[in-house]
Amino acid sequence: MSKWFRWYEGTCEDGKFRCVARNAGVTVASVMGVWAVLLEDASHDDHRGIAVRGEDFYAAILDLGPELQTILEEMQKLNLIKCCTNDTIEITRWKERQFETDATDGTNAERQRRWREKRKANADVTDRNGSVTATKRPDTDTDTDTEKKEYCPVAKATRTKNGYSEDFEKFWQSYPRTPTMSKSEAWKAWQKLSAEDRVLAVRAIEPYKLHLRSKPTLETVHACRFLSQRRFEGFQDLPPVPAKVFDIKAHIA
């Protein structure tokens, strides 16, 4: 029999999961799906904190292929899980995050003290006898916002009047687009990049165009995949595009 497990607000925005997705070359949605199915499996009474159904099962129900193994490896590197023997996976810090009740949780008193101090500091103290809601409940995850940003910082883009940032417009205008290419999808992928990666993406456009010209039958990669799958990294060490030389003799009548 399985029990409810806790899912904390802000989990989907946690920088660790974005880094896993980035390093594994998959979407954040795929990473969050794997994390959810691991927590669900580990919530079973007989093996609390341990996922035991195996990678083949997870791959089947999530419709994933070899990328599942890469996702798990990246999760292990960030100490989210520990891969054990017999195809079992331990969820790290399970007891800290998934305690049974506040009454038996040894950290409850300290968490409540921190919460009260935070509320006082914000001049937003509530009645002790008030109802406990999701917004009042303290978060048991000890990762701070600063700690999360250190994993995988994502730059905030300044929006223009048409809704896109100036640096994205520069990228979009220079990229070899096709009529079916979605600008909004490319914008979503652009927002997930750090400032450094955005510079690399723009820098890669001209070498990528040169590559396409050298292979006329090659299909242009959609801009969103060029960004989300980090295709631009393969065009950083290519030689610069040679400047066109104006042949004055050819233009003399």
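Details
- Which listed residue, of 180, 140, 160, 144, is surrounded by 14 or more Cβ atoms within 10 Å (Cβ to Cβ) and either at pLDDT below 90 or closer than 24 Å to residue 78 by Cα (or both): 140
- Single residue of region 67-89 satisfying the filter (over 17 Å from residue 48 (Cβ atoms) and charged (D, E, K, R)) that is modelled with the lowest pLDDT: 87
- Number of residues in region 22-52 that are in contact with a Cys (Cβ under 9 Å, 6 or more places away or on another chain) and crowded, with 21+ Cβ neighbours inside 10 Å equals 1.
The values are calculated or read from the model by the stated rules, or taken from the named source; none is laboratory data. Since the structure is predicted, the reported quantities are computational estimates derived from the model, not experimental observations. Heads up, the Cβs are rebuilt from the backbone with ideal geometry, glycines too, and the neighbour counts pull from every protein chain shown.
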